[in-house]
Ligand SMILES: [Mg+2]
């Protein structure tokens, strides 16, 4: 038996070139605030946290988190790491409970649960490496020949450039495309028309035999969403994502009950009980937890069971290995989100610059290796000159 010897965290701050921001590229929760400077600032994150859990035999498991990395780093270093060191990594469910219960007063959502997620993912990667199996083989195994992915980008912008991007993306054979709304409540009726024009324009390119997903990123409110959903029906979206802020569970339930367009969400929900609540209240038709926020793979697998029992599909937020391994091993996870490899823009792309081994989509699918132990990713120093690293 090997025990956990150390936990190392690093914050990676991108200092390299970025794609300049454009206005209205995605509505977000900050839209309701007085505009002070860059309205999109809260949307972009050019930092990432890596968390390496090392066993006594020198094997290292890698986890990561993207929410508030500098604060999450401190939470792990000062609070969670001492709880984990000395434990047997195969006692993962107990370790999870220990982290959860010892920080319950302040950590069960947000920063605390994000820190728990990063450590838990690293422990799963470590277990995979210790037994020489990919993580999905420890979670139930292969349920798909390959994973169908949907193209997730199409930020709002000039109609012609969105259409050009969709045309370009179609060359890779995706069967689903997610675009972002650029306008919300503060933009009134003219904004509503701008939103609808863009949905129509994307549909014009991808046709009606492909899925179209629409993303609000919490930038609308209940009243606005109630007026928008019926107008969107004719475009047959597979779902409308995060129409209201994450705390407005009642609002999600009301919109979902309209039966007009399926509502999705969950990437800003935390823990097993938090997601169970979304399921129980029928707040979403598609659950989209993010493994590196929700409580890691240990929590995600429990949520998967609850969602499966309620027949609510789970399509985790974001690409990344940890989400793909869960998607591969669960029949109730039908497809995966896929951020195309791209110059650094909002920050979703950063993991392509920090890690090596994340699978790339080919002809609309991606594949996991049956023989690659753990999550199959390594930390790369290829782009090191573009990062400032805080240990
Ligand atoms: Mg989203």
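Can we say residue 339 is in contact with a strand residue (DSSP E or B) (Cβ under 7 Å, 6 or more places away or on another chain) and either at pLDDT below 95 or crowded, with 21+ Cβ neighbours inside 10 Å (or both)?
Numbers: in contact with a strand residue (DSSP E or B) (Cβ under 7 Å, 6 or more places away or on another chain): yes; either at pLDDT below 95 or crowded, with 21+ Cβ neighbours inside 10 Å (or both): yes.
Yes, satisfied.
Filter the helices (runs of 4 or more DSSP H) completely within the stretch 266-340 down to those with at least 1 residues that are more than 15 Å from the ligand (Cβ to nearest atom) and in contact (Cβ under 8 Å) with a residue 60 or more places away in the chain.
Numbers: elements: 271-280, 291-294, 296-309, 321-328.
Here the list reads 271-280, 296-309, 321-328.
Please give the number of the condition residue 259 fails out of (1) without any contact (Cβ under 8 Å) to a residue 40 or more places away in the chain; (2) assigned to a helix (DSSP H, G or I).
Tallying (1) without any contact (Cβ under 8 Å) to a residue 40 or more places away in the chain; (2) assigned to a helix (DSSP H, G or I), residue 259 fails exactly one: (2).
Only residues in the stretch 162-180 that are at positive phi and touching a residue at least 60 places away in the same chain (Cβ under 8 Å) count as the first member; pair them with residues that are more than 16 Å from the ligand (Cβ to nearest atom) and in a loop (DSSP other than H, G, I, E, B), Cβ under 6 angstrom, at least 6 apart or cross-chain, and list the lot.
Sorted first by the residue in the stretch 162-180, then by its partner, the pairs are 173/363; 173/364.
Mind checking which residues of the stretch 85-132 are touching a strand residue (DSSP E or B) at 6+ places or on another chain (Cβ under 8 Å) and part of a loop (DSSP other than H, G, I, E, B)?
Listed by number, the residues that qualify are 85, 86, 87, 88, 89.
Residues of the stretch 214-230 being in a helix (DSSP H, G or I) and either on the phi > 0 side of the Ramachandran plot or out of contact with any helix residue (DSSP H, G or I) (no Cβ under 6 Å at 6 or more places or on another chain) (or both), which ones?
223, 226, 227, 228, 229, 230
Among the residues of the stretch 138-182, what is the count of those that are assigned to a helix (DSSP H, G or I) and either in contact with a helix residue (DSSP H, G or I) (Cβ under 8 Å, 6 or more places away or on another chain) or modelled with pLDDT under 95 (or both)? Let's see the steps before the verdict.
Step one: of the stretch 138-182, the residues assigned to a helix (DSSP H, G or I) are 138, 159-170.
Still in the running and either in contact with a helix residue (DSSP H, G or I) (Cβ under 8 Å, 6 or more places away or on another chain) or modelled with pLDDT under 95 (or both): 138, 159, 162-163, 166-167, 170.
Residues flagged as assigned to a helix (DSSP H, G or I) and either in contact with a helix residue (DSSP H, G or I) (Cβ under 8 Å, 6 or more places away or on another chain) or modelled with pLDDT under 95 (or both) within the stretch 138-182 amount to 7.
Within the bounds of the stretch 359-376, is there any residue that is within 16 Å of the ligand (Cβ to nearest atom), surrounded by 23 or more Cβ atoms within 10 Å (Cβ to Cβ) and not assigned by the TED database to the domain that holds residue 103?
Among the residues of the stretch 359-376, not one is within 16 Å of the ligand (Cβ to nearest atom), surrounded by 23 or more Cβ atoms within 10 Å (Cβ to Cβ) and not assigned by the TED database to the domain that holds residue 103, which makes the answer no.
Within the stretch 97-114, which residues are touching a residue at least 40 places away in the same chain (Cβ under 8 Å), surrounded by fewer than 19 Cβ atoms within 10 Å (Cβ to Cβ) and more than 17 Å from the chain's Cα centre (by Cα)?
Answer for the stretch 97-114, where residues must be touching a residue at least 40 places away in the same chain (Cβ under 8 Å), surrounded by fewer than 19 Cβ atoms within 10 Å (Cβ to Cβ) and more than 17 Å from the chain's Cα centre (by Cα): just 108.
Of the residues 121, 85, only one is in contact (Cβ under 8 Å) with a residue 24 or more places away in the chain and either touching a helix residue (DSSP H, G or I) at 6+ places or on another chain (Cβ under 6 Å) or closer than 17 Å to residue 324 by Cβ (or both); which?
Unique residue meeting the criteria: 121.
Condition check ((1) assigned to a helix (DSSP H, G or I); (2) away from the ligand (no atom under 16 Å from the Cβ)) across all residues:
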site: 187; (1), (2): yes, yes
site: 196; (1), (2): yes, yes
site: 200; (1), (2): yes, yes
site: 203; (1), (2): yes, yes
site: 209; (1), (2): no, yes
site: 212; (1), (2): no, no
site: 232; (1), (2): yes, yes
site: 240; (1), (2): no, no
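Just wondering, is there one or more residues in the stretch 243-262 that are closer than 16 Å to residue 28 by Cβ, within 16 Å of the ligand (Cβ to nearest atom), crowded, with 24+ Cβ neighbours inside 10 Å and assigned by the TED database to the domain that holds residue 210?
Within the stretch 243-262 (the criterion being closer than 16 Å to residue 28 by Cβ, within 16 Å of the ligand (Cβ to nearest atom), crowded, with 24+ Cβ neighbours inside 10 Å and assigned by the TED database to the domain that holds residue 210), the answer is yes, since at least one residue qualifies.
The values are calculated or read from the model by the stated rules, or taken from the named source; none is laboratory data. In this text the structure is predicted, and so the values were computed from the model without any measurement. Counting neighbours? That spans all protein chains shown, and the Cβs are built from the backbone with ideal geometry, glycine included.
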